[in-house]
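Read-outs: derived from the displayed coordinates by stated rules, not from any lab. It should be emphasised that the depicted structure is a prediction, and the values quoted were computed from it without experimental measurement. A quick note on method: Cβ atoms are made from the backbone with ideal geometry, for glycine too, and the neighbour counts reach across all protein chains shown.
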Amino acid sequence: MVKFGAPDNILCDYRYWSVLFRDAQVTLGSLVLIAKGPETTFPDLPREAFTELAEVTTDLEAALSQAFAYDKINYLMLMMLDPHVHFHVIPRYAAPQPFEGHEFTDTGWPGPPRLDATNTSDAALNTRIRSAIMQYWA
């Protein structure tokens, strides 16, 4: 979790999962959803983690939808550099998204998200994006 900016970037903690803001904004509102345990394979998570995952995804999709009205959402479980169970949560947009004088593009639309093509943002802008998400978090 530290690799993704924990504890500073944690938006919400659950029993088995943490939702973190992704500093490198692939698209407006990009997040990371991380299992808290030491497991490195998805099926090794406790059964209760799968039940809680429904609550977590409901909360994060509602907040992102209300904050930014995404067109689609992708959950990418890549686990190549960080072996612990986690998803990159990428809201998808058919058109560029304005946010506080900045324009966020989804360079991969309508194909797979381009994790190598992030939008330029700084700490101050990221703080405002996080705040926009959190005002809708259940």
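Numbers at a glance
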| read-out | value |
| --- | --- |
| The stretch 106-124, residues that are surrounded by 12 or more Cβ atoms within 10 Å (Cβ to Cβ) and under 16 Å from the mean Cα position of the chain (by Cα) | D106, P113, R114, L115, A117, T118, N119, S121 |
| Test: A67 is under 25 Å from G111 (Cα atoms) and among the small types (G, A, S) | yes |
| Whichever residue in the stretch 120-138 is assigned to a loop (DSSP other than H, G, I, E, B) and hydrophobic (A, V, I, L, M, F, W, C) and, among such residues, is nearest to F21 (Cα to Cα) | W137 |
| Strands (runs of 3 or more DSSP E) fully within the stretch 1-95 counting 2 or more residues that are farther than 20 Å from P112 by Cα and in contact with a Lys or Arg (Cβ under 7 Å, 6 or more places away or on another chain) | 17-21 |
| Pair list, Cβ < 6 Å and 6+ apart or interchain, from the stretch 75-87 residues that are closer than 18 Å to V56 by Cβ to residues that are among the acidic types (D, E) | V85/E39 |
| Leading residue by the ranking (surrounded by the most Cβ atoms within 10 Å (Cβ to Cβ)) among those in the stretch 3-54 that are touching a residue at least 60 places away in the same chain (Cβ under 8 Å) and among the charged types (D, E, K, R) | R22 |
| Top-ranked residue in the stretch 67-100 [being aliphatic (A, V, I, L, M), touching an Asp or Glu at 6+ places or on another chain (Cβ under 8 Å) and surrounded by 14 or more Cβ atoms within 10 Å (Cβ to Cβ); ranked as nearest to P43 (Cα to Cα)] | V85 |
